[in-house]
């Protein structure tokens, strides 16, 4: 038996309508003004989701390092374990991104286990099989005391029936709003805990896929994984999951979970929109700067990476502009000679940061923090969204999973 989807309160419905409006307006902005910086934003958001979701499980890799790893950089200063987890999650997310508009797509046991193999195949063992339901009990242990089970998943012999019921539910449109269904899918899967490891990341990825298949925004603009990965939000994520009880109880009211997810959707929409506006404003500033120093406009993408991510590597610049190795090297040498960029490190590990001549205004705009509003009990969110919509932003004064040995 699955957890019942709770009825929305009037406040929930208002927040959900606000999220729908923000996401729809962002879609129109992306279509109406498909700036060149949008490609960089898509890559950043994908990397941010990968970094955040992995960080919840203890694999700490910065977003900019994830961007470099995705671009194929080998000399990134992260551990081999973290590199393997990052690349596995990125491969799975890339696959999910391709499924957002597949007409004959259906959910199945094989599909869910295939996602799990993509994520955990490099860790496959007899005791912790990848791509297969777990053979025994599994516990989520308390972060403060690993001898205490914060959550005990349903018995292994219940997993086939529970997952069959979940798959049937996933393939049936019951008229519930897609964002609410996506949140419930996350909760269903993480509560069943059908695998020996990787349940949290697969559950969050399933939510991302369901949001993307709604068709309003591409997956990278839709995921709430980056929001969940922020430290305070991660703590609350565990708290909300923990308050549902230490065992599987499908007869409970999970309204708190829906409210938590609606908050996540709302604040992530605010975050993505703010970065979209900030990114476009930085690009416009850099266009004027590059024209003034008479360099080819293609170098804007390298300078934009420096402003928005803190650095650029030759590989990422070469890929973003479709350049040869020699062209990319020459452009970066010219920027160093003009003191616009500064090289850090040697040979293949080298990257470039802002130099003394880098336009300060672009850095200030890129570094302007975003103030997020709580969607419940506040009336200023829409007003702030309207004020920033299409306008320039300017600077202002649990937890591990353990499977039993038996």
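Let's see how each residue does on (1) part of a loop (DSSP other than H, G, I, E, B); (2) surrounded by fewer than 17 Cβ atoms within 10 Å (Cβ to Cβ); (3) over 21 Å from the mean Cα position of the chain (by Cα):
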position: 25; (1), (2), (3): no, yes, no
position: 52; (1), (2), (3): no, no, no
position: 78; (1), (2), (3): yes, no, no
position: 84; (1), (2), (3): no, yes, no
- Item | Odd one out for residue 205 among (1) within 18 Å of residue 108 (Cβ to Cβ); (2) modelled with pLDDT of 95 or more | (2)
- Task: Within the range 92-103, track down each residue that is part of a helix (DSSP H, G or I) and either touching a strand residue (DSSP E or B) at 6+ places or on another chain (Cβ under 7 Å) or surrounded by fewer than 14 Cβ atoms within 10 Å (Cβ to Cβ) (or both).
- Result: 98
- Task: Please specify each residue of the range 168-209 satisfying the condition of being under 26 Å from residue 139 (Cβ atoms) and over 24 Å from the mean Cα position of the chain (by Cα).
- Result: 169
- Within the range 254-268, is even one residue outside any helix (DSSP H, G or I) and surrounded by fewer than 18 Cβ atoms within 10 Å (Cβ to Cβ)? no
- Where residues in the range 361-383 are in a helix (DSSP H, G or I) and farther than 17 Å from residue 265 by Cβ, which of them is modelled with the lowest pLDDT? 383
- How many residues does the range 326-360 hold that are assigned to a helix (DSSP H, G or I) and surrounded by fewer than 16 Cβ atoms within 10 Å (Cβ to Cβ)? 12
- Note on the structure: Among 48, 68, the single one that is touching a strand residue (DSSP E or B) at 6+ places or on another chain (Cβ under 9 Å) and at pLDDT 85 or above is 68
- Query: Out of the range 1-19, which residues are crowded, with 16+ Cβ neighbours inside 10 Å and either on the phi > 0 side of the Ramachandran plot or not in a loop (DSSP other than H, G, I, E, B) (or both)?
  - Reply: 12, 15, 16, 18, 19
- Query: Among the residues of the range 41-50, is there at least one that is over 14 Å from the mean Cα position of the chain (by Cα) and in a helix (DSSP H, G or I)?
  - Reply: no
- residue 274 meets each of (1) crowded, with 22+ Cβ neighbours inside 10 Å; (2) under 23 Å from the mean Cα position of the chain (by Cα) with one exception, condition (1)
- Message: Go through the range 301-322 and report how many residues are in contact with a helix residue (DSSP H, G or I) (Cβ under 8 Å, 6 or more places away or on another chain) and surrounded by fewer than 17 Cβ atoms within 10 Å (Cβ to Cβ).
- Response: 1
- Message: So residue 344 ticks every box in (1) closer than 30 Å to residue 266 by Cβ; (2) at pLDDT 80 or above; (3) touching a strand residue (DSSP E or B) at 6+ places or on another chain (Cβ under 6 Å) but one. Which box is left unticked?
- Response: (1)
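The values are calculated or read from the model by the stated rules, or taken from the named source; none is laboratory data. Just so we're clear, the structure is a prediction, and the values are computed from it rather than from any experiment. Positions of Cβ are backbone-derived with ideal geometry, glycine not excepted, and every protein chain shown enters the neighbour counts.
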